[in-house]
Amino acid sequence: MIEVKNLKKSFKDGEKTTEVLKGIDLTVQSGEFIAIMGRSGAGKSTLLYQMSLLDEPTSGKIFIDEKDISSLTVNQKTSFRLSDLGYVFQDYALLPEMTALENVVLPLLMQNIPEKEAYKKAIEHLTKVGLGQRLNNLSSKLSGGEQQRVSIARAIAHDPKILFADEPTANLDNESSRMIMDIFKQLHADGQTIIMVTREVEYSKFAERIIHLDDGKIVSV
């Protein structure tokens, strides 16, 4: 599903250049659940952002489903993100003035999915994550755990090839975190490819493989 070849990422600040990723090689099979771990500054989120088309690598190649994504135009990348990838962030990234249902429906409508079908999909996936009774609540009025479940429903409503999650339990209490991980566990059992960044050993154990980064390099698998 994903093949990363000699991936490098540097950031410039004036005359100073900081190398964050220093030649990453990684293969992810379809249906795998991968956890990426490492200390702060190791390059975990940077790696995820490159693989998920949210940032541009300095050099190297990334293939998703045998497609060289580095060769895509800006508009093609936007379309690919909308149709093929799903995202879950630690800060939920919901629109606070919209209801849970509206937050899930909006990206479906952006993909030109007919309104009736979009609402059906949104309701189905919100119910799947246990929020069938909270459809019309403003996202800003939901608890942190509920907001994260809305973001998961939004991420999976269009059946993405890959679900990317950047520290999805970082802002949650233990009970909510466990609930989120149980959802990921069920999604994985249903065949969803998942790549998750986490600092928490307890939750990394839900994954099939754990990739350890240090100083921009993979040090163990």
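Tabulated data
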item	result
Residue (of Met181, Gly191, Asn171) at the positive-pole extreme of region 160-206, dipole from beta-carbon charges	Gly191
Cross-link pairs beyond the 23 Å C-alpha cut-off, checked among Lys44/Lys161; Lys16/Lys77; Lys9/Lys67; Lys22/Lys185	Lys16/Lys77; Lys22/Lys185
Neighbour net charge for Val105 - beta-carbon separation under 13 angstrom, K R +1, D E -1	0
Kirkwood Rh and Cα Rg combined as Rg over Rh, evaluated for region 6-47	1.07
Cα centroid separation - region 54-132 against region 14-51, whole Å	21 Å
Region 69-113 - convex hull of alpha carbons, volume per residue in Å³	97 Å³
Translational diffusion of region 171-219, µm² s⁻¹ [Kirkwood Rh, Cα pairs; Stokes-Einstein; 20 °C; 1.002 mPa s]	178 µm²/s
GNM top mover of Leu21, Leu54, Leu163 - the chain, alpha-carbon springs below 10 Å	Leu54
Trypsin sites (Lys or Arg not before Pro) within region 147-212, DSSP loop, no more than 11 other Cβ atoms inside 10 Å	Lys205
Share of Cα-Cα pairs in region 114-221 lying beyond 18 Å, as whole percent	52 percent
Most to least accessible of Glu146, Glu3 (protein chains only, probe 1.4 Å)	Glu3, Glu146
Percent RCO, i.e. relative contact order, over the chain, from Cα pairs under 8 Å lying at least 6 residues apart	30 percent
Extension gain (nm, one decimal) between Phe11 and Thr58, 0.36 nm per residue minus Cα-Cα	16.1 nm
Rel. contact order, % - alpha carbon contacts under 8 angstrom, at least six apart, region 58-144	28 percent
Magnitude of the charge dipole, region 109-148, Cβ model with Lys/Arg +1 and Asp/Glu -1, debye to 20	60 debye
Between region 194-221 and region 147-182, the alpha-carbon center distance in angstrom	17 Å
Cβ-Cβ FRET estimate between Glu124 and Asp25, R0 fixed at 35 Å, reported to 0.05	0.35
Angle between the chain longest axis and helix 174-189 axis [Cα atoms, degrees, rounded to 10]	80 degrees
As computed over region 1-90, the Cα convex hull volume per residue (Å³)	121 Å³
Charge dipole (debye, nearest 20) of the chain; +1 at Cβ of Lys and Arg, -1 at Cβ of Asp and Glu	80 debye
Three principal axis lengths of region 146-188 [C-alpha, angstrom, descending]	28, 18, 16
Solvent-accessible area per residue for the chain (1.4 angstrom probe, square angstrom)	49 Å²
Region 46-155 - Kirkwood radius from inverse mean 1/r over Cα pairs (Å)	15.1 Å
Tail beyond 30 Å, pair distance distribution of the chain (Cα, percent)	23 percent
Relative contact order, percent, region 159-221 [alpha-carbon distance under 8 Å, six or more residues apart]	35 percent
Carbon/sulfur fraction of accessible area - the chain, other protein chains in place, 1.4 Å, %	47 percent
C-alpha long axis of helix 74-84 to longest principal axis of the chain, angle in °	60 degrees
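The values are calculated or read from the model by the stated rules, or taken from the named source; none is laboratory data. Keep in mind that what you see is a predicted model, and the values were worked out from it rather than measured. Using ideal geometry, Cβ is built from the backbone for each residue, glycine included, and neighbour counts are taken over all protein chains shown. Heavy atoms of the whole protein, side chains included, go into the accessibility calculation; ligands, DNA and RNA do not. Shrake-Rupley method; radii C 1.70, N 1.55, O 1.52, S 1.80 Å.
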